[in-house]
Amino acid sequence: MLYTSEALQQLIEEFAALPGIGRKTAQRLALHILKQPRDEIVQMARALVNVKDRIRYCSSCWNITEIDPCPICSSPKRDRGIVCVVEEPNDVMAVEKTNEFKGLYHVLGGSLSPLDGIGPDDLKVRELIQRMNGEVSEVILALNPNVEGEATTLYLTKLLKPLGVKVSRIARGIPVGGDLEFADEATLSRALEGRVEL
C-alpha cells in the first residue's frame, strides 16, 4: 500500500539505487529535496544532465574529462616516462590530491574479477600495453589492496615486464581491503614514495 505520493516514492527508489545509499538515507534525501526551493532543484537537475552530456573518457588515459585528451595527458609539465595505473577515475583524484605524482595515468575501469565475469578484455589492458611505445620507462601499479587488485597487479606485471619497462607498485601504506579514494593524502604520499619494483 502506498502511503506517500507516487512521485516521492519514485525519487526514493532512484536514490536507493545509488551505491552506498540505503533505503532510509534515500528517504531522507527525497524528503530534503522536497523542502528545497524549486530553483535549487532545477539547478541540481541541470548539473546531473550536464555531467551526462559533457563528461567523456580521455582517449589516452581513460580518465573522465570534458576535453580530449584530458588536461593531465595534454600538460607539458607531466613526466611522460612514468604511468600510474589505477582502477577508477576517483583513484586519479585521490592520487592527485597528494601533489606527489607528476607523471601520467592509465585508468583500467576496474580490476580482474573472474567470479564477477570481469576479465582482461573488460578492462583497458590492451590500451595500456599500446602505450608502451618506448617513451614510458616505469609503470606504477596503484591498485586497491584486495584480492581483485592483487590478481590484476600480478597479471599486469607478467604482461609489462617483458616489454622492458620498470614495473613498481605503491607501498603497503594502504590498508588491505581499503580503497584508494578513502585514503588520506599523507598515506597516499607515503605509499607513492615507498613504492617497490616488482
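Exactly one residue out of 21, 12 is surrounded by 13 or more Cβ atoms within 10 Å (Cβ to Cβ), assigned to a loop (DSSP other than H, G, I, E, B) and without any contact (Cβ under 8 Å) to a residue 60 or more places away in the chain, and it is 21.
Taking the criterion of being surrounded by fewer than 14 Cβ atoms within 10 Å (Cβ to Cβ) and in the same structural domain as residue 89 (by TED's automatic domain parsing), would at least one residue in the stretch 149-159 satisfy it?
yes
Only one entry of 124, 97, 166 meets the criterion of being closer than 21 Å to residue 65 by Cβ, touching an Asp or Glu at 6+ places or on another chain (Cβ under 7 Å) and among the basic types (Lys, Arg), and that entry is 97. Select from the stretch 67-82 the residues that are among the hydrophobic types (A, V, I, L, M, F, W, C) and surrounded by 14 or more Cβ atoms within 10 Å (Cβ to Cβ) and list them in ascending order. Of everything in the stretch 67-82, those that are among the hydrophobic types (A, V, I, L, M, F, W, C) and surrounded by 14 or more Cβ atoms within 10 Å (Cβ to Cβ) turn out to be 70, 72, 73, 82. Here residue 40 fulfils each of the conditions (1) in a helix (DSSP H, G or I); (2) under 30 Å from residue 146 (Cβ atoms); (3) over 19 Å from the mean Cα position of the chain (by Cα); (4) not polar (S, T, N, Q) apart from (2). Looking only at residues of the stretch 83-113 that are of a type in the set (D, E, K, R) and either part of a helix (DSSP H, G or I) or surrounded by fewer than 16 Cβ atoms within 10 Å (Cβ to Cβ) (or both), we find that the one that is nearest to the chain's Cα centre (by Cα) is 91.
Screening residue 167 with (1) at pLDDT 95 or above; (2) over 24 Å from residue 57 (Cα atoms); (3) surrounded by fewer than 16 Cβ atoms within 10 Å (Cβ to Cβ) gives one miss only, at (3).
Filtered by the rule that a residue be hydroxyl-bearing (Ser, Thr, Tyr) and touching a helix residue (DSSP H, G or I) at 6+ places or on another chain (Cβ under 7 Å), the stretch 111-149 gives 111, 113.
The values are calculated or read from the model by the stated rules, or taken from the named source; none is laboratory data. Worth saying up front: this structure is predicted, and the values here are computed from it rather than measured. Positions of Cβ are generated from backbone atoms using ideal geometry, with glycine treated the same way; all protein chains shown enter the neighbour counts.
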